[in-house]
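Right, one structure below, let's go through it.
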Amino acid sequence: TNSALAAITRLEDIGLERFLISASVRGLMAQRLVRRVCDQCCEEASPVEGEAMISQVVGQGADLGAAAREPARWVTANGCAACDHTGYRGRIGIFGVAKIDDEWREAIIDGLPQSKVFAIARRQGFLTLLEDGLLKARLGLTTLNEVHRVCGADAG
């Protein structure tokens, strides 16, 4: 699926009964790889766009926790001989992880809509792929452009 939370719907779509899903699923995870910025040639970037996006996701209920309080280091990828002029060296993961608890199990059995399931996940601290990517871009591990390339606008 495109997001961790969409896995429940997908399991229903392939014919699994809700009671079986709630009894057997312990957690959900979505992951993507983003390119890691080259430490040798990256340069500081303007924080305006990134911080605006961080503010937007916090306004939508994301609890970015301690990572959002770390000093920001927004960067851009330039390119050098060390990274073969790409601006990136290696990859890092971005993740959306949800732990299934009793509240989740009841929601699955009751067939609650995706918006209610998302609210349950938020209360548990769930971050979408995009939000985790933004945090990693804010720390200078990747770039905002790379997060947009991999996640698009609606990754969950």
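The values are calculated or read from the model by the stated rules, or taken from the named source; none is laboratory data. Only a predicted model underlies this, so the values are computations on that prediction, with no experimental measurement involved. In this analysis, Cβ positions are derived from the backbone assuming ideal geometry, glycine residues included, and neighbour counts consider all displayed protein chains. These area figures cover heavy atoms from the full protein model, side chains too; ligands, DNA and RNA do not enter into them. Shrake-Rupley method; radii C 1.70, N 1.55, O 1.52, S 1.80 Å.
Structure summary
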item: Cysteines without a disulfide-compatible partner [the chain; Cβ-Cβ under 4.7 Å]; result: Cys42, Cys151
item: Among Arg69, Arg35, Arg18, residue whose mean-square fluctuation peaks in a GNM of the chain (springs only between Cα atoms under 10 Å); result: Arg69
item: Positive dipole terminus of the chain, leading residue within Ala62, Cys83, Ala7 (C-beta point charges); result: Cys83
item: Cleavage-rule hits, GluC sites (Glu not before Pro), region 100-156, DSSP coil, Cβ neighbours within 10 Å at most 16; result: none
item: For the chain, built as a Gaussian network whose Cα springs stay under 10 Å, the top-fluctuating residue of Leu141, Leu28, Leu129; result: Leu28
item: Cα-centre dipole for the chain with unit charges at Cβ (Lys and Arg positive, Asp and Glu negative), debye to 20; result: 280
item: Carbon and sulfur %, accessible surface of region 31-84 computed with the full protein complex present, 1.4 Å; result: 46
item: Portion, in percent, of the accessible area of region 87-156 that falls on carbon or sulfur, probe 1.4 Å; result: 53
item: The chain: translational diffusion in µm²/s, Stokes-Einstein, Kirkwood Rh over Cα pairs, 25 °C, 0.890 mPa s; result: 147
item: List Lys99, Lys116, Lys136, ordered by accessible area with a 1.4 Å probe, largest first; result: Lys99, Lys116, Lys136
item: GNM flexibility winner over the chain from Phe19, Phe95, Phe126 (Cα, springs under 10 Å); result: Phe19
item: Accessible solvent surface per residue of region 1-136, calculated while the other protein chains remain in place, 1.4 angstrom probe, Å²; result: 57
